[in-house]
Each structure stands twice: as structure tokens, then as C-alpha cells.
1. From A:L181, A:L113, A:L171, grab the single residue that is at pLDDT below 90, over 28 Å from the mean Cα position of the chain (by Cα) and among the hydrophobic types (A, V, I, L, M, F, W, C).
2. I'm checking my understanding of the structure. Among residues of segment A:183-203 that are of a type in the set (S, T, Y) and touching a residue at least 24 places away in the same chain (Cβ under 8 Å), which one is nearest to A:L87 (Cα to Cα)?
3. With A:T220, A:T215 as the choices, which residue is modelled with pLDDT of 90 or more, hydroxyl-bearing (S, T, Y) and closer than 30 Å to A:W63 by Cβ?
4. Exactly one condition in (1) modelled with pLDDT of 90 or more; (2) more than 14 Å from chain B (Cβ to nearest Cβ); (3) crowded, with 18+ Cβ neighbours inside 10 Å is false for A:S199; which is it?
5. Count, please, the residues in segment B:114-144 that happen to be within 16 Å of B:L161 (Cα to Cα) and of a type outside the set (A, V, I, L, M).
6. Report yes if some residue within segment B:273-285 is in contact (Cβ under 8 Å) with a residue 40 or more places away in the chain, under 30 Å from the mean Cα position of the chain (by Cα) and assigned to a helix (DSSP H, G or I); otherwise report no.
7. Might you let me know whether segment B:104-116 holds any residue that is in contact with a strand residue (DSSP E or B) (Cβ under 8 Å, 6 or more places away or on another chain) and surrounded by 20 or more Cβ atoms within 10 Å (Cβ to Cβ)?
8. With respect to A:E165, is the statement that it is free of Cβ contacts under 8 Å to residues at least 60 places away in the same chain and within 14 Å of chain B (Cβ to nearest Cβ) true?
Amino acid sequence: MARAVTTQRKIVYTAAAWAVGLLIFFPVFWTILTSFKTEASAVASPPEFLGADWTLENYADVWARSDYPRFFWNSVVISIGSTLLGLAIAIPAAWSMAFVPGKRTKDLLMWMLSTKMMPAVGVLIPMYLLFQWTGLFDTHIGLILALMLMNLPIIVWMLYTYFKEIPGEILEAARMDGASLRNEIIYVLTPMAIPGIASTMLLNIILAWNEAFWTITLTTINAAPLSAFIASFSAPQGLFYAKLSAASTMAIMPILIVGWFSQKQLVRGLTFGAVK
Amino acid sequence: MGQITLKQVRKSFGDVHVIPGVDLDILDGEFVVFVGPSGCGKSTLLRLIAGLEDTTSGIIAIDGKDATSLPPAKRGLAMVFQSYALYPHMTVRKNISFPLKMAGMSEAEQAAKVERAAKVLNLSSYLDRKPGQLSGGQRQRVAIGRAIVREPAAFLFDEPLSNLDAALRVGMRQEITELHQQLKTTMVYVTHDQVEAMTMADKIVVLNAGRVEQVGSPLELYNRPVNTFVAGFIGSPKMNLMEGAEAAKHGAKTIGVRPEHVEVGSGPWSGTVMLAEHLGSDTFLKVNAGDLGILTVRAPGEVHVGYGDHIQFGPQASKIHRFGPDGKNMS
């Protein structure tokens, strides 16, 4: 029996989807809302909603008390830097795995991904000491390296699945047409893989932007990104929820905007290969 | 020039010997078709000639020069793939001119050659479209266009028509044959369809399990198949092969009679019609002839027999093929 999509069923599914979506969004929504409340209103119990005291003071305070532009710039440098470096390493790696696979390519991919299953705190001490000894602590290059290594397995995997979708015969055709390996990559492979490379890049920038464990642990002032900026409002001042919320909102807003405008590309990237 | 010589060419994937050793001469200007059932190694053999696969041993010479270890780009051959393998991000014009660009030809020269190829292939009005906007037949023409602009020593076709529907296939088959007559360039064509092989080839190479069973012109293969495999593979509908007492009467292990070499109405054989296909010009009968097995018979178009009818029939005496215990032709 064919399953008819009735109007009723559509309404139920749509409502359910909205409910789940709102549930996921609620913490972000509450953070943004709290950032516009006075400190007293923010901690009121029961929570105040419409009747709260609204203010922009928190933003003014946060802006005055810390150097937001510097944190912002550090976030930009670290997330984009680690992504570009990661792509430079992952593109050749994924290419060789997709087009010249060996007997153990699948195992190698699994092994790479398995490093993501390790709790980051497990290598905290060695990483910290290594960064101290090599002078990478609290530097842009240090954090770019650390985040690149954290996300490299994901970049390689994503690119690998994209490249796998490119039919080998097209590359063979280029070879028959007299293209050298370099020309084959420049004129045929790369243009065909650009959508995949773009969505991998976007996702990775978001992951790097939101990373908190290593960025907070391995920085103090010079290279501290927005995650450290948020943390600085949570620790010493204790229960200043409204200011913490304002700082959080300021930290997540740029990436939310980027994400909003690129959502089409992102969804394609995350669901690619799921349905053929 | 486009003369290709294979000497003891072998190809193994691990322990699997796909091509156990092939010797073959392809002459300049010849239209050679590799035909055989799927998995017989015909595509692998073509890819070895193209350089897309490395030979395990043996020599491939193109125009007398050893090309065994040359990369595909250096062999001067052009290939048309089953999937067309067009560059999806390029327009038809860019697709066709790509090999010229790779050869470092000037823009003006490229444009002139593309125009000429497009005219020959009726593609002039599609030059600015992308492959995704073309029909299957048009894509196939673009793939051929991309191959002919290079003026290669030889064309390699890997089952180029198998993705087209039946009507289009017949049309493209004729176009490729006409193209060969025009260009007079060597063509090596792989197909599993023996009708394509018979209609297009100057020379057919019948392959089975990586071995060359027979090389010859279509009519040679039709009239004098060297063994039961070639006998059963070439010709449509298939040759009837019979063993046992009937074969023994002719002093053979197996005898073969083509459906078109059977006379209906009188003869030593009899059977019951299981199926009658009236095509208008001919009628194909599937006849259960008892001990002889189930035989296919071609009768005239106007013959009035149908399911369940009992008929008398027999072979034309001069058209009986006799095969020995080793399957080889005895005559």
C-alpha cells in the first residue's frame, strides 16, 4: 500500500520539526535574551520573560572592560588559518586515497577518524608541555597547528567522500586527452571538486571558531580568541549572567551570520553522499 | 598512421590472469572490433592499449615503436568511453578543444578545429551548452568530437553505444562507420554486442576468458567459425549446436546449423513449435525437436505456423558445421 502524505500528517511532521528545532535553539535564544536583561532580572526566580528590565548596559560594559576586536581578530586568524593549512594537507591526502587507493586505505581512514574518539584531555599535559618547550604557547601559529590537527581527520574524510563521487573515467579521459597530472588536477579535478572543498572549508571554520578546550588551555592573552573572551567573563566575576550572556552573544554572532548565509552549502556538505 | 601490434601481452590482477597472453596485429586504417561475453577481458585489452592499465608483461607497439611503458597522454591515441566521460563543468566547445589546449595549440587554431569537428558531428548549435543540457546521443557526439580534433593515430571505443536506446544505437552505429570511411583512421572498438561487431568491423577479434578465440572478417567468422564458442557467439539468432547421435551421423562430437540454414516443410527432423515470432520479413520458430533439443529455425515471413503445431524440417546439407571433441571445427 502506498503511503499517502495527507495534509494532517504534514501538519504533525512540520509541528514536530519546529518543536525539535526550537528546543535546540532555545539555549541560544535564552542567552541572547538574558544579554539584554539587568543582572538582577537575569537571575530572578522564577525566570522573567516579558516583564524583565531591558537594557543595553551589558554590551557597553563588556565592550569597555575588554578588548573585543583583538579577541575577534585572533578568532578569525586561528579559524581561517587552521582551515587553509588543513586543506593544503588534506587535499592531496584525500586525492590519493580516493583515486589511488591501496589495500589499507579504508583502515587508514578509520584509524585517522578514531583519533577523534580520544578525549582531548588525555593529551592535555603532553600538549601543554610541548607548547611550552617549543615556544608555541599563546601564539597564532601554535593554535593554528593545534586546531588543524584536531580537525584534519574530518577534513580528510569529507574531501574523500567528495572525491569518491568524481567518476574515475573523467580523469582517465583527461589523461587520454594529453593532460599531465598537474593539468589534470588544475583543469579537471579541482573545478569539479570546488563545491565539496567550499563546504568542507565552511564547516571547518565553524568548528575551529567554536573550539574552546585547546584555545582556552593553550593561550593567555596574545593569541586568545573569542572562546577565551567568553571564559574571562565567567570565571572571576562569579554570577554576572547578563554580562556573560552579552559576551557569548558577541562571540557567536559573527559565526551565526556566516552560517546563516552559507547554510545551503553547509547542508549539502553535511548530507553529501547520504543519498545517491 | 595507426598500426598497433601486441606481442604476448599479459595482464594479471594479483593471482587473477585476466589476459593470459595475446598476440595481435591491427593494421593502419582498420576497423577492429573486440567482441566477447562480459568479463572476457576485452575492455582490459583496450585499456592496456590506451595505457590506462599497465601490462604485466609483453610489448605494445604503436607504429612500430615500443609504447608499453608510455603514459596514455604520450601514445597519441584518443578514447571514447562508455559513460562519455565529458567534463561536466566545461561547455561543449571547451570539452572538444581540451585536448588541443593540452597540446599547446593557439586559440585561433583551436577554434577552427572545433568548428570543423562540430560541423561534421552536427553539434554547431550546441557549442555553448554544458554536457548536462544535452541528450545521450549528443553527449556521445561530443565525446567523439573530443576524440577526432586531436587527429589521433587511432581511436579507441569502449562500448560507446551501450548507454543509448535501441533506435539511437543503430543511428550512431552508422555514424561511426561513416566517420571511419571519411577519416580512414584506425579504430579499435569494444562491444559485447555481436550485431555491432558484424555490422561495423573490418576485422573481428573474438575473445573468451582473456584469450583470442578467432580473428577474421565478419563473414569469415560467420562462415568458418574455428570452434563452438565462436560458432555460438557470432550470428543472430544463435547457431543451433547439437550433440549425440545426430552429430555422430556426421562423424563429429558436435554439429552446428544456423537458424537461417534450416528448411521448413520437409526434412529428416521434426518437432513441436513452442514459440513463433512473426517479424513480418521472417518468422523465428522455437521448436522442441525431442532428442535434438530445442532448436531455433528461421522460416519465411508468410509461414502460417503457431504454438503447438507439428512441423517437419531439416538442415541444408552444405551448411552443417562439424566440431570435434575439443570443440574445434573439423572441416
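1. Being at pLDDT below 90, over 28 Å from the mean Cα position of the chain (by Cα) and among the hydrophobic types (A, V, I, L, M, F, W, C) holds for just one of A:L181, A:L113, A:L171, which is A:L181.
2. A:T200
3. So the residue among A:T220, A:T215 that is modelled with pLDDT of 90 or more, hydroxyl-bearing (S, T, Y) and closer than 30 Å to A:W63 by Cβ is A:T215.
4. (1)
5. 7
6. The answer is no, given that none of the residues of segment B:273-285 is in contact (Cβ under 8 Å) with a residue 40 or more places away in the chain, under 30 Å from the mean Cα position of the chain (by Cα) and assigned to a helix (DSSP H, G or I).
7. no
8. No; evaluated as a whole, the condition is false for this residue.
The values are calculated or read from the model by the stated rules, or taken from the named source; none is laboratory data. Fair warning: this is a prediction, and the values are worked out from it, not measured in the lab. Please note: Cβ atoms are built from the backbone with ideal geometry, for glycine as well, and neighbour counts cover all protein chains shown.
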